[in-house]
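The values are calculated or read from the model by the stated rules, or taken from the named source; none is laboratory data. As the structure is a computational prediction, the values presented were derived from the model and not from experiment. Quick reminder, even Gly has a Cβ in these numbers, built from the backbone with ideal geometry, and neighbours come from all protein chains shown. Remember, those area values only see protein heavy atoms, side chains included, never the ligands or the DNA or RNA. Shrake-Rupley method; radii C 1.70, N 1.55, O 1.52, S 1.80 Å.
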Amino acid sequence: MTRTPVNVTVTGAAGQIGYALLFRIASGHLLGADVPVKLRLLEIPQGMKAAQGTAMELDDCAFPLLAGIDIFDDPNKGFEGANVALLVGARPRTAGMERGDLLSANGGIFKPQGAAINAHAADDIKVLVVGNPANTNALIAQAAAPDVPAERFTAMTRLDHNRAISQLAAKTGAAVSDIKRLTIWGNHSATQYPDIFHAEIAGKNAAELVNDQTWLSDEFIPTVAKRGAAIIEARGASSAASAANAAIDHVHTWVNGTAAGDWTSMGIPSDGSYGVPEGIISSFPVTTKDGRYEIVQGLDVNEFSRARIDASVAELVEERDAVRELGLI
Ligand SMILES: NC(=O)c1ccc[n+]([C@@H]2O[C@H](COP(=O)([O-])OP(=O)(O)OC[C@H]3O[C@@H](n4cnc5c(N)ncnc54)[C@H](O)[C@@H]3O)[C@@H](O)[C@H]2O)c1
Ligand SMILES: O=C(O)C[C@H](O)C(=O)O
(Lines give C-alpha, C1' and ligand atoms only; values in the text may rest on other atoms or scores of the structure.)
(Ligands and ions follow the chains in the order given, each with its own letter.)
Protein backbone atom coordinates (compact mmCIF):
# COMPACT_ATOMS: atom_id res chain seq x y z
CA MET A 1 0.00 0.00 0.00
CA THR A 2 1.99 2.99 -1.20
CA ARG A 3 -0.70 5.63 -1.81
CA THR A 4 -1.62 8.15 0.87
CA PRO A 5 -4.97 7.14 2.32
CA VAL A 6 -8.00 9.20 1.31
CA ASN A 7 -9.95 10.59 4.28
CA VAL A 8 -13.64 9.73 3.97
CA THR A 9 -16.04 11.27 6.49
CA VAL A 10 -19.43 9.60 6.89
CA THR A 11 -22.13 11.26 8.99
CA GLY A 12 -24.96 9.19 10.44
CA ALA A 13 -22.47 6.35 10.62
CA ALA A 14 -24.54 4.39 13.12
CA GLY A 15 -27.70 4.51 11.03
CA GLN A 16 -29.03 1.91 8.65
CA ILE A 17 -27.48 3.43 5.50
CA GLY A 18 -24.21 3.86 7.39
CA TYR A 19 -24.20 0.16 8.22
CA ALA A 20 -24.67 -0.78 4.56
CA LEU A 21 -22.16 1.83 3.34
CA LEU A 22 -19.09 1.63 5.54
CA PHE A 23 -18.07 -1.93 4.69
CA ARG A 24 -18.18 -1.19 0.98
CA ILE A 25 -16.11 1.97 1.38
CA ALA A 26 -13.56 0.02 3.40
CA SER A 27 -13.40 -2.77 0.83
CA GLY A 28 -12.54 -0.38 -1.99
CA HIS A 29 -15.84 0.05 -3.81
CA LEU A 30 -16.06 3.82 -3.29
CA LEU A 31 -12.76 4.95 -4.74
CA GLY A 32 -11.11 1.91 -6.28
CA ALA A 33 -9.44 -1.36 -5.39
CA ASP A 34 -6.01 0.28 -5.04
CA VAL A 35 -7.00 3.30 -2.92
CA PRO A 36 -6.51 3.06 0.86
CA VAL A 37 -9.05 4.94 2.97
CA LYS A 38 -9.21 6.37 6.47
CA LEU A 39 -12.75 6.50 7.81
CA ARG A 40 -13.92 9.39 9.97
CA LEU A 41 -17.32 8.57 11.43
CA LEU A 42 -19.48 11.42 12.65
CA GLU A 43 -22.47 10.79 14.93
CA ILE A 44 -24.47 12.56 17.56
CA PRO A 45 -23.60 11.63 21.17
CA GLN A 46 -26.45 9.09 21.37
CA GLY A 47 -25.11 7.33 18.26
CA MET A 48 -21.49 7.05 19.41
CA LYS A 49 -21.78 3.64 21.08
CA ALA A 50 -23.42 2.02 18.05
CA ALA A 51 -20.81 3.66 15.78
CA GLN A 52 -18.10 2.13 17.96
CA GLY A 53 -19.75 -1.26 17.50
CA THR A 54 -19.73 -0.80 13.72
CA ALA A 55 -16.07 0.22 13.90
CA MET A 56 -15.31 -3.00 15.82
CA GLU A 57 -16.93 -4.98 13.01
CA LEU A 58 -14.96 -3.04 10.41
CA ASP A 59 -11.77 -3.97 12.29
CA ASP A 60 -12.88 -7.59 12.30
CA CYS A 61 -13.04 -7.61 8.49
CA ALA A 62 -9.28 -6.90 8.30
CA PHE A 63 -9.82 -4.92 5.09
CA PRO A 64 -6.40 -4.40 3.46
CA LEU A 65 -7.42 -0.91 2.25
CA LEU A 66 -8.70 0.36 5.59
CA ALA A 67 -5.94 2.51 7.06
CA GLY A 68 -7.81 3.68 10.18
CA ILE A 69 -11.17 4.54 11.76
CA ASP A 70 -11.87 7.49 14.04
CA ILE A 71 -15.24 8.36 15.56
CA PHE A 72 -16.39 11.85 16.51
CA ASP A 73 -19.45 13.69 17.75
CA ASP A 74 -17.99 17.09 16.84
CA PRO A 75 -18.28 18.11 13.15
CA ASN A 76 -15.16 20.27 13.41
CA LYS A 77 -13.15 17.16 14.16
CA GLY A 78 -15.14 14.82 11.94
CA PHE A 79 -14.43 16.82 8.78
CA GLU A 80 -10.78 17.55 9.53
CA GLY A 81 -8.74 16.74 6.44
CA ALA A 82 -11.76 15.13 4.71
CA ASN A 83 -11.28 14.50 1.00
CA VAL A 84 -14.73 12.95 0.57
CA ALA A 85 -17.72 13.63 2.82
CA LEU A 86 -20.91 11.59 2.74
CA LEU A 87 -23.59 13.48 4.65
CA VAL A 88 -26.05 10.74 5.50
CA GLY A 89 -27.25 11.63 9.00
CA ALA A 90 -30.38 13.76 8.95
CA ARG A 91 -33.49 14.45 10.95
CA PRO A 92 -36.29 12.22 9.65
CA ARG A 93 -39.79 13.58 9.33
CA THR A 94 -41.94 12.45 12.24
CA ALA A 95 -45.72 12.49 12.71
CA GLY A 96 -47.19 15.97 12.75
CA MET A 97 -44.04 17.60 11.37
CA GLU A 98 -44.60 20.14 8.60
CA ARG A 99 -42.14 20.51 5.74
CA GLY A 100 -40.93 23.82 7.22
CA ASP A 101 -40.21 22.07 10.55
CA LEU A 102 -38.20 19.44 8.68
CA LEU A 103 -36.18 22.05 6.79
CA SER A 104 -35.55 23.94 10.00
CA ALA A 105 -34.46 20.81 11.92
CA ASN A 106 -32.11 19.84 9.11
CA GLY A 107 -30.76 23.38 8.92
CA GLY A 108 -29.53 22.78 12.46
CA ILE A 109 -27.49 19.84 11.14
CA PHE A 110 -26.32 20.91 7.68
CA LYS A 111 -25.42 24.51 8.41
CA PRO A 112 -22.84 23.66 11.11
CA GLN A 113 -21.60 20.74 9.02
CA GLY A 114 -21.09 23.06 6.03
CA ALA A 115 -19.22 25.50 8.26
CA ALA A 116 -17.04 22.69 9.61
CA ILE A 117 -16.28 21.52 6.05
CA ASN A 118 -15.36 25.10 5.15
CA ALA A 119 -12.98 25.39 8.09
CA HIS A 120 -11.41 21.93 8.27
CA ALA A 121 -11.81 19.79 5.14
CA ALA A 122 -9.04 19.20 2.60
CA ASP A 123 -8.83 21.56 -0.39
CA ASP A 124 -10.06 18.84 -2.75
CA ILE A 125 -13.17 18.00 -0.66
CA LYS A 126 -16.08 16.43 -2.52
CA VAL A 127 -19.43 16.34 -0.71
CA LEU A 128 -22.40 14.07 -1.34
CA VAL A 129 -25.59 14.78 0.61
CA VAL A 130 -27.82 11.73 1.08
CA GLY A 131 -29.89 12.86 4.10
CA ASN A 132 -33.31 14.18 3.12
CA PRO A 133 -34.44 16.59 1.81
CA ALA A 134 -31.10 15.96 0.09
CA ASN A 135 -31.06 18.75 -2.51
CA THR A 136 -31.95 21.50 -0.08
CA ASN A 137 -29.74 20.11 2.69
CA ALA A 138 -26.88 20.28 0.17
CA LEU A 139 -27.79 23.91 -0.55
CA ILE A 140 -27.72 24.73 3.18
CA ALA A 141 -24.31 23.08 3.64
CA GLN A 142 -22.93 24.76 0.55
CA ALA A 143 -24.11 28.20 1.63
CA ALA A 144 -22.28 27.72 4.94
CA ALA A 145 -19.02 26.92 3.10
CA PRO A 146 -18.20 30.04 1.06
CA ASP A 147 -14.52 29.11 0.63
CA VAL A 148 -15.26 25.74 -0.95
CA PRO A 149 -16.12 25.83 -4.67
CA ALA A 150 -19.92 25.51 -4.84
CA GLU A 151 -19.76 22.65 -7.36
CA ARG A 152 -18.21 20.36 -4.74
CA PHE A 153 -21.61 20.10 -3.00
CA THR A 154 -23.82 17.50 -4.61
CA ALA A 155 -27.05 15.70 -3.72
CA MET A 156 -27.93 12.11 -4.41
CA THR A 157 -30.34 11.26 -7.23
CA ARG A 158 -28.36 8.19 -8.28
CA LEU A 159 -30.77 5.92 -6.44
CA ASP A 160 -33.57 7.33 -8.60
CA HIS A 161 -31.36 6.90 -11.67
CA ASN A 162 -30.68 3.25 -10.81
CA ARG A 163 -34.35 2.63 -10.03
CA ALA A 164 -35.34 4.05 -13.41
CA ILE A 165 -32.82 1.87 -15.26
CA SER A 166 -34.13 -1.19 -13.47
CA GLN A 167 -37.78 -0.40 -14.29
CA LEU A 168 -36.91 0.26 -17.94
CA ALA A 169 -34.97 -3.00 -18.16
CA ALA A 170 -37.92 -4.91 -16.69
CA LYS A 171 -40.34 -3.33 -19.19
CA THR A 172 -38.21 -3.98 -22.26
CA GLY A 173 -36.48 -7.21 -21.28
CA ALA A 174 -33.13 -5.50 -21.84
CA ALA A 175 -30.09 -6.01 -19.66
CA VAL A 176 -29.46 -3.10 -17.30
CA SER A 177 -25.99 -2.80 -18.80
CA ASP A 178 -27.54 -2.08 -22.21
CA ILE A 179 -29.33 1.04 -20.91
CA LYS A 180 -27.49 4.33 -21.27
CA ARG A 181 -28.16 8.07 -21.10
CA LEU A 182 -31.08 7.99 -18.72
CA THR A 183 -31.66 11.23 -16.81
CA ILE A 184 -33.24 12.19 -13.51
CA TRP A 185 -34.15 15.88 -13.50
CA GLY A 186 -35.04 18.03 -10.50
CA ASN A 187 -35.56 17.13 -6.87
CA HIS A 188 -35.06 13.84 -5.02
CA SER A 189 -38.75 13.78 -4.20
CA ALA A 190 -42.01 12.63 -5.72
CA THR A 191 -41.79 15.50 -8.25
CA GLN A 192 -38.56 14.21 -9.81
CA TYR A 193 -38.66 13.49 -13.53
CA PRO A 194 -37.05 10.31 -14.86
CA ASP A 195 -36.51 11.03 -18.58
CA ILE A 196 -36.19 8.23 -21.14
CA PHE A 197 -36.45 10.42 -24.25
CA HIS A 198 -32.68 10.53 -24.67
CA ALA A 199 -32.03 7.13 -23.13
CA GLU A 200 -30.73 4.32 -25.31
CA ILE A 201 -31.23 0.60 -25.09
CA ALA A 202 -28.49 -1.27 -26.91
CA GLY A 203 -28.04 1.84 -29.07
CA LYS A 204 -31.73 2.38 -29.91
CA ASN A 205 -33.85 5.23 -28.55
CA ALA A 206 -35.64 3.99 -25.41
CA ALA A 207 -38.83 6.07 -25.78
CA GLU A 208 -39.29 4.84 -29.37
CA LEU A 209 -38.63 1.25 -28.36
CA VAL A 210 -41.13 1.42 -25.50
CA ASN A 211 -43.64 3.35 -27.61
CA ASP A 212 -46.18 3.41 -24.79
CA GLN A 213 -47.07 6.87 -23.52
CA THR A 214 -49.59 5.48 -20.99
CA TRP A 215 -46.94 3.27 -19.41
CA LEU A 216 -44.53 6.19 -19.33
CA SER A 217 -46.99 8.62 -17.67
CA ASP A 218 -49.02 6.29 -15.48
CA GLU A 219 -46.54 3.58 -14.50
CA PHE A 220 -42.89 4.33 -15.09
CA ILE A 221 -42.68 7.89 -13.79
CA PRO A 222 -44.82 7.36 -10.65
CA THR A 223 -43.15 4.02 -9.87
CA VAL A 224 -39.68 5.57 -9.93
CA ALA A 225 -40.73 8.78 -8.19
CA LYS A 226 -42.62 7.01 -5.40
CA ARG A 227 -40.29 4.04 -5.01
CA GLY A 228 -38.89 5.36 -1.72
CA ALA A 229 -42.37 5.39 -0.19
CA ALA A 230 -43.11 1.90 -1.61
CA ILE A 231 -39.95 0.55 0.03
CA ILE A 232 -40.94 2.12 3.37
CA GLU A 233 -44.39 0.54 3.04
CA ALA A 234 -42.96 -2.90 2.22
CA ARG A 235 -39.94 -2.98 4.52
CA GLY A 236 -41.21 -0.90 7.39
CA ALA A 237 -38.03 1.16 7.04
CA SER A 238 -36.61 3.38 4.32
CA SER A 239 -34.27 2.02 1.68
CA ALA A 240 -30.81 1.44 3.10
CA ALA A 241 -28.71 -1.01 1.06
CA SER A 242 -29.88 0.45 -2.25
CA ALA A 243 -29.27 3.99 -0.96
CA ALA A 244 -25.79 3.01 0.21
CA ASN A 245 -25.14 1.38 -3.17
CA ALA A 246 -26.22 4.55 -4.96
CA ALA A 247 -23.94 6.67 -2.76
CA ILE A 248 -21.04 4.40 -3.71
CA ASP A 249 -22.01 4.70 -7.40
CA HIS A 250 -22.31 8.51 -7.20
CA VAL A 251 -18.87 9.09 -5.71
CA HIS A 252 -17.19 6.35 -7.74
CA THR A 253 -18.51 7.85 -10.98
CA TRP A 254 -17.60 11.41 -9.89
CA VAL A 255 -14.04 10.38 -9.10
CA ASN A 256 -13.44 7.77 -11.80
CA GLY A 257 -15.51 9.07 -14.73
CA THR A 258 -18.53 8.09 -16.81
CA ALA A 259 -18.14 5.51 -19.57
CA ALA A 260 -17.77 6.78 -23.15
CA GLY A 261 -21.19 7.47 -24.66
CA ASP A 262 -23.00 7.40 -21.33
CA TRP A 263 -23.91 9.84 -18.58
CA THR A 264 -25.28 9.76 -15.06
CA SER A 265 -27.59 11.87 -12.88
CA MET A 266 -26.34 14.06 -10.04
CA GLY A 267 -27.93 16.79 -7.96
CA ILE A 268 -25.61 19.74 -8.54
CA PRO A 269 -25.72 23.53 -8.27
CA SER A 270 -27.42 24.77 -11.43
CA ASP A 271 -25.46 27.04 -13.76
CA GLY A 272 -28.74 28.06 -15.42
CA SER A 273 -28.69 25.24 -17.97
CA TYR A 274 -32.06 24.02 -19.26
CA GLY A 275 -33.80 27.01 -17.64
CA VAL A 276 -33.09 25.79 -14.09
CA PRO A 277 -32.47 28.86 -11.91
CA GLU A 278 -28.81 29.30 -11.11
CA GLY A 279 -27.69 28.11 -7.69
CA ILE A 280 -30.42 25.66 -6.77
CA ILE A 281 -29.25 22.07 -6.41
CA SER A 282 -31.12 20.16 -9.06
CA SER A 283 -30.52 16.85 -10.79
CA PHE A 284 -29.07 17.00 -14.32
CA PRO A 285 -27.53 14.63 -16.83
CA VAL A 286 -23.78 14.87 -16.29
CA THR A 287 -20.60 13.35 -17.62
CA THR A 288 -17.61 13.07 -15.32
CA LYS A 289 -13.88 12.97 -15.97
CA ASP A 290 -10.80 13.44 -13.77
CA GLY A 291 -12.91 14.18 -10.69
CA ARG A 292 -15.00 16.88 -12.38
CA TYR A 293 -18.49 16.83 -13.82
CA GLU A 294 -20.13 18.69 -16.67
CA ILE A 295 -23.81 19.07 -17.52
CA VAL A 296 -24.68 17.38 -20.82
CA GLN A 297 -25.66 20.26 -23.10
CA GLY A 298 -27.84 20.56 -26.16
CA LEU A 299 -30.54 18.00 -25.39
CA ASP A 300 -33.93 18.70 -26.93
CA VAL A 301 -36.51 19.01 -24.18
CA ASN A 302 -39.98 18.21 -25.48
CA GLU A 303 -43.19 19.67 -24.06
CA PHE A 304 -43.89 16.60 -21.91
CA SER A 305 -40.45 16.76 -20.34
CA ARG A 306 -40.47 20.55 -19.99
CA ALA A 307 -43.63 20.54 -17.85
CA ARG A 308 -42.24 17.87 -15.54
CA ILE A 309 -38.80 19.46 -15.16
CA ASP A 310 -40.46 22.81 -14.43
CA ALA A 311 -42.71 21.28 -11.74
CA SER A 312 -39.81 19.67 -9.89
CA VAL A 313 -37.66 22.79 -10.22
CA ALA A 314 -40.56 24.89 -8.85
CA GLU A 315 -40.55 22.70 -5.75
CA LEU A 316 -36.80 23.24 -5.35
CA VAL A 317 -37.28 26.99 -5.68
CA GLU A 318 -39.96 26.84 -2.96
CA GLU A 319 -37.59 24.90 -0.69
CA ARG A 320 -34.81 27.40 -1.36
CA ASP A 321 -37.12 30.29 -0.54
CA ALA A 322 -38.25 28.56 2.67
CA VAL A 323 -34.69 28.01 3.93
CA ARG A 324 -33.82 31.56 2.92
CA GLU A 325 -36.72 32.81 5.03
CA LEU A 326 -35.49 30.68 7.93
CA GLY A 327 -32.08 32.36 7.60
CA LEU A 328 -30.40 29.05 6.72
CA ILE A 329 -28.81 30.27 3.50
N1 LIG B 1 -31.14 10.68 -1.39
C2 LIG B 1 -31.62 9.44 -1.34
O3 LIG B 1 -31.80 8.79 -2.38
C4 LIG B 1 -31.97 8.77 -0.02
C5 LIG B 1 -32.35 7.43 -0.01
C6 LIG B 1 -32.64 6.79 1.20
C7 LIG B 1 -32.57 7.51 2.39
N8 LIG B 1 -32.22 8.82 2.35
C9 LIG B 1 -32.12 9.61 3.58
O10 LIG B 1 -30.90 9.30 4.26
C11 LIG B 1 -31.00 9.66 5.61
C12 LIG B 1 -30.42 8.57 6.51
O13 LIG B 1 -31.20 7.41 6.40
P14 LIG B 1 -30.98 6.17 7.40
O15 LIG B 1 -31.96 5.15 6.98
O16 LIG B 1 -29.54 5.79 7.51
O17 LIG B 1 -31.46 6.83 8.78
P18 LIG B 1 -31.20 6.32 10.26
O19 LIG B 1 -32.19 7.04 11.10
O20 LIG B 1 -31.08 4.83 10.32
O21 LIG B 1 -29.74 6.89 10.59
C22 LIG B 1 -29.46 8.24 10.66
C23 LIG B 1 -28.26 8.39 11.59
O24 LIG B 1 -27.87 9.75 11.53
C25 LIG B 1 -27.46 10.13 12.82
N26 LIG B 1 -27.48 11.59 12.92
C27 LIG B 1 -28.53 12.41 13.12
N28 LIG B 1 -28.13 13.68 13.20
C29 LIG B 1 -26.80 13.68 13.01
C30 LIG B 1 -25.80 14.69 13.00
N31 LIG B 1 -26.12 15.97 13.22
N32 LIG B 1 -24.53 14.32 12.79
C33 LIG B 1 -24.19 13.05 12.60
N34 LIG B 1 -25.08 12.02 12.63
C35 LIG B 1 -26.37 12.35 12.83
C36 LIG B 1 -28.43 9.41 13.74
O37 LIG B 1 -27.92 9.29 15.07
C38 LIG B 1 -28.56 8.05 13.05
O39 LIG B 1 -27.59 7.13 13.53
C40 LIG B 1 -32.48 9.99 5.86
O41 LIG B 1 -32.64 11.39 5.79
C42 LIG B 1 -33.16 9.34 4.64
O43 LIG B 1 -34.39 9.97 4.35
C44 LIG B 1 -31.91 9.45 1.19
O1 LIG C 1 -36.26 8.29 3.16
C2 LIG C 1 -37.16 8.47 2.31
O3 LIG C 1 -38.13 9.23 2.48
C4 LIG C 1 -37.10 7.73 1.00
C5 LIG C 1 -35.77 7.80 0.34
O6 LIG C 1 -35.40 9.10 0.02
C7 LIG C 1 -35.78 6.95 -0.90
O8 LIG C 1 -35.83 7.48 -2.03
O9 LIG C 1 -35.76 5.72 -0.76
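Between a residue in region 11-30 that is open to solvent by 10 Å² or more (accessible area, probe 1.4 Å) and any residue that is more than 8 Å from ligand 1 (Cβ to nearest atom) and of a type in the set (S, T, N, Q), which pairs come within a Cβ distance under 6 Å, given they are 6 or more apart or on different chains?
Every condition considered, no pair remains.
Answer yes or no: is there a residue in region 202-223 that is within 23 Å of Val88 (Cα to Cα), β-branched (Val, Ile, Thr) and within 16 Å of ligand 1 (Cβ to nearest atom).
Taking every residue of region 202-223 in turn, none turns out to be within 23 Å of Val88 (Cα to Cα), β-branched (Val, Ile, Thr) and within 16 Å of ligand 1 (Cβ to nearest atom).
Could you tell me which of the residues Ile309, Ile295 is in contact (Cβ under 8 Å) with a residue 40 or more places away in the chain and open to solvent by less than 40 Å² (accessible area, probe 1.4 Å)?
Residue meeting the stated conditions: Ile309.
Determine if region 210-228 includes at least one residue that is of a type outside the set (Phe, Trp, Tyr), free of Cβ contacts under 8 Å to residues at least 12 places away in the same chain, closer than 22 Å to Asp249 by Cβ and open to solvent by 40 Å² or more (accessible area, probe 1.4 Å).
no
Within region 68-177, considering only helices (runs of 4 or more DSSP H) that don't extend past its boundaries, which have at least 2 residues that are open to solvent by less than 40 Å² (accessible area, probe 1.4 Å) and in contact with a Lys or Arg (Cβ under 8 Å, 6 or more places away or on another chain)?
Where helices (runs of 4 or more DSSP H) fall fully within region 68-177 and carry at least 2 residues being open to solvent by less than 40 Å² (accessible area, probe 1.4 Å) and in contact with a Lys or Arg (Cβ under 8 Å, 6 or more places away or on another chain), they are 99-120, 134-143, 158-172.
Would you please list the contacts, defined by Cβ atoms under 8 Å and residues six or more apart or on different chains, that run from a residue in region 229-240 that is away from ligand 1 (no atom under 11 Å from the Cβ) to a residue that is among the polar types (S, T, N, Q) and open to solvent by 40 Å² or more (accessible area, probe 1.4 Å)?
Going by the 8 Å Cβ cut-off, the qualifying pairs are Ala230/Thr223.
For residues that are within 16 Å of ligand 1 (Cβ to nearest atom) and part of a strand (DSSP E or B), scanning just region 38-67, find the one that is most open to solvent (accessible area, probe 1.4 Å).
Restricting to residues being within 16 Å of ligand 1 (Cβ to nearest atom) and part of a strand (DSSP E or B), the top hit is Arg40.
Applying the selection to region 286-311, what residues are under 25 Å from Thr258 (Cα atoms) and of a type in the set (Gly, Ala, Ser)?
The answer is Gly291, Gly298, Ser305.
Here are some conditions: (1) open to solvent by 10 Å² or more (accessible area, probe 1.4 Å); (2) within 14 Å of ligand 1 (Cβ to nearest atom); (3) within 15 Å of the chain's Cα centre (by Cα). Ala246 meets all but one. Which one does it not meet?
(1)
Of everything in region 176-193, what is touching a residue at least 12 places away in the same chain (Cβ under 8 Å) and not β-branched (Val, Ile, Thr)? Give them in sequence order.
Across region 176-193, the qualifying residues are Asp178, Lys180, Arg181, Leu182, Trp185, Gly186, Asn187, His188, Ser189, Ala190, Gln192, Tyr193.
Among the residues of region 151-167, are any more than 14 Å from ligand 1 (Cβ to nearest atom), over 30 Å from Phe220 (Cα atoms) and free of Cβ contacts under 8 Å to residues at least 12 places away in the same chain?
Scanning region 151-167, I find no residue that is more than 14 Å from ligand 1 (Cβ to nearest atom), over 30 Å from Phe220 (Cα atoms) and free of Cβ contacts under 8 Å to residues at least 12 places away in the same chain, so the answer is no.
Scan region 1-10 for residues that are among the β-branched types (Val, Ile, Thr) and surrounded by fewer than 19 Cβ atoms within 10 Å (Cβ to Cβ) and report the count.
Residues flagged as among the β-branched types (Val, Ile, Thr) and surrounded by fewer than 19 Cβ atoms within 10 Å (Cβ to Cβ) within region 1-10 amount to 2.
Just for helices (runs of 4 or more DSSP H) wholly inside region 195-280: which have at least 1 residues that are touching a strand residue (DSSP E or B) at 6+ places or on another chain (Cβ under 9 Å) and more than 16 Å from ligand 2 (Cβ to nearest atom)?
206-210, 241-256
Filter region 260-292 for residues that are over 23 Å from Arg320 (Cα atoms) and buried (at least 21 other Cβ atoms within 10 Å of the Cβ); which is farthest from the chain's Cα centre (by Cα)?
Among them, the one singled out is Trp263.
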